[in-house]
Amino acid sequence: MSAYQNILVIHLMHLGDLMLGTPVLSALRQQYPAARITLLADKKLADVVAMNEHLDECLLIDKKGADGGIRGILRCAMRLRKNHYDLVINLHRNERSSALAALSGGRRIVGYAKPGFSLAFDHVSPSQNQVMHEVHSHYAALRAAGVLDADGTAGLEMWIPPAAAEEAERLWREHFAPTDKVIAINIGASWATKRWIDAYFAVVADTYLRRGYHIAVMGGPMDMEMVEECRARMEEREHPHLHIFTGQVSLGVLAGLLSRCILFITTDSGPMHVGVAMHVPVICMFGSSPIPGFYPYDARSISVRAPVSCHPCRIHECPLRGEEHMMCMKRMPPDLILQYADQILREEGERPACELPAPTDFETRVVEMADGHFALAPRGAAGRVVRSSLPQSR
């Protein structure tokens, strides 16, 4: 295997995709300890990767602004060519990243590529495996390209920028006492088909508020309207233990807040993967996206899916109408999520995430139907099904 000395990794996709690329950076550093490793990423996601300890440099581009369009791509490519990379790795099959890899001038170019641009690649990886987690799909692609000789051993990683860490500490002291038990909730998701039912989130939040917990509602600016719609359904909407951070904090501050929470109840979304990187135990409700490809990468997590024939559809809007509309989410009732959320709280002793050890096992536990009841599915040879008393929701 070549001893690459100057490596560029290109990953210009969204928050969750970028988080799922972080184990590759660790694996590359382990494989090439003396190499200079650079990451090219989206400027708006700087908090996620700017402090990554496996990187020597993080290059950021403004995809929707100054670096947008064909001219922006060409300008960026010219800057990359000046760095004379001997290995360029493209970690997502989209036009912009494929073009930049192809035009980078790298001595060897590998990874995912759109047709046309693939002609400039020395090794083109197949599309991400539909039945393999995206992290392992990346590992497999880089092994096949001769870049890695083994899978990495790290989970999702994110180092919080100092200013964001200070702001998270300030906000925490402003909103919470040292003994408060805080459960984070994330309602939003990039696709409508990834969003759990608002009324269900409202029941879960009300339940934990009445039990004495604090609820921290997370999410970005695009989630603010749906959070308000959900809050309107809550009976405890004015409870003093309800804290809305949606649209008010940066990604770095979000990570800092999540690191102090005891549980994260969330949709399949970018913030979910940030929570995993912060080691907060996660329970995630899956609708249109496949659990095998995108599950929370930590064995403490629990991923829930409903027994509907169209799961996973991988489409953005549910085409079904009437009672069948969004049945993948409707058939995961609040009592089911509360049951397994309570299980995680018992298992981890309601400790803040920052006090939990980093995970060494990354395969999620899956709740699915078995013999007419929801149950934890077996996980490997040592797995066992734990029966649930909840029948299938009608």
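The values are calculated or read from the model by the stated rules, or taken from the named source; none is laboratory data. Computed from a predicted model, the values in this text were never measured in an experiment. Because the Cβ atoms are built from the backbone with ideal geometry, glycine has one as well, and the counts that use them run over all protein chains shown. Each accessible area value is taken on the protein alone, full model and side chains, heavy atoms only, with ligands, DNA and RNA left out. Shrake-Rupley method; radii C 1.70, N 1.55, O 1.52, S 1.80 Å.
Are any residues in the stretch 70-83 crowded, with 17+ Cβ neighbours inside 10 Å and without any contact (Cβ under 8 Å) to a residue 12 or more places away in the chain, and if so, which ones? Correct list: G72 only. Quick one: would you say G116 is crowded, with 22+ Cβ neighbours inside 10 Å, farther than 21 Å from H136 by Cα and either modelled with pLDDT under 95 or in contact with an Asp or Glu (Cβ under 8 Å, 6 or more places away or on another chain) (or both)? Considered against the rule, which asks whether it is crowded, with 22+ Cβ neighbours inside 10 Å, farther than 21 Å from H136 by Cα and either modelled with pLDDT under 95 or in contact with an Asp or Glu (Cβ under 8 Å, 6 or more places away or on another chain) (or both), G116 comes out as no. Filter the stretch 224-248 for residues that are in contact (Cβ under 8 Å) with a residue 24 or more places away in the chain, open to solvent by 10 Å² or more (accessible area, probe 1.4 Å) and closer than 17 Å to A189 by Cα and give the result. Result: M226, E229, R231, I244, G247.
Here's the yes/no breakdown for (1) crowded, with 16+ Cβ neighbours inside 10 Å; (2) of a type in the set (D, E, K, R); (3) on the phi > 0 side of the Ramachandran plot; (4) at pLDDT 95 or above:
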residue	(1), (2), (3), (4)
L25	yes, no, no, yes
A34	no, no, no, yes
T38	yes, no, no, yes
E57	no, yes, no, yes
G68	no, no, no, no
L87	yes, no, no, yes
G106	yes, no, no, yes
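In the stretch 44-61, the residues that are within 25 Å of P221 (Cβ to Cβ) form Cβ pairs under 9 Å with partners that are of a type in the set (D, E) and surrounded by fewer than 16 Cβ atoms within 10 Å (Cβ to Cβ), at six or more places apart or across chains, as follows: K44/D62.
Table: residues versus (1) surrounded by 19 or more Cβ atoms within 10 Å (Cβ to Cβ); (2) among the small types (G, A, S).
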{"site": "M132", "(1), (2)": "no, no"}
{"site": "S137", "(1), (2)": "yes, yes"}
{"site": "R143", "(1), (2)": "no, no"}
{"site": "M158", "(1), (2)": "yes, no"}
{"site": "P162", "(1), (2)": "no, no"}
{"site": "R170", "(1), (2)": "no, no"}
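Scanning the stretch 172-206 for residues that are among the polar types (S, T, N, Q) and either buried (at least 21 other Cβ atoms within 10 Å of the Cβ) or touching a helix residue (DSSP H, G or I) at 6+ places or on another chain (Cβ under 8 Å) (or both) yields N186, S190, T193. Is it fair to say A101 is open to solvent by less than 10 Å² (accessible area, probe 1.4 Å), within 19 Å of the chain's Cα centre (by Cα) and over 27 Å from G188 (Cα atoms)? No, not satisfied. The number of residues in the stretch 1-11 that are hydroxyl-bearing (S, T, Y) and either crowded, with 24+ Cβ neighbours inside 10 Å or assigned to a helix (DSSP H, G or I) (or both) comes to 0.
With respect to the stated conditions, Q30 fails to be at pLDDT 95 or above, touching a Lys or Arg at 6+ places or on another chain (Cβ under 8 Å) and open to solvent by 50 Å² or more (accessible area, probe 1.4 Å).
Counting only helices (runs of 4 or more DSSP H) that fall entirely inside the stretch 286-356 and contain at least 3 residues that are open to solvent by 10 Å² or more (accessible area, probe 1.4 Å), the qualifying elements are 327-330, 334-348.
Among residues of the stretch 311-337 that are of a type in the set (D, E), those with a beta-carbon under 7 Å from a residue that is assigned to a helix (DSSP H, G or I) and open to solvent by less than 40 Å² (accessible area, probe 1.4 Å) at least six positions away or on a different chain give the pairs E317/A192; E317/T193.
The residues in the stretch 357-374 that are open to solvent by 20 Å² or more (accessible area, probe 1.4 Å), closer than 28 Å to E134 by Cα and not hydroxyl-bearing (S, T, Y) can be counted, and the count is 11.
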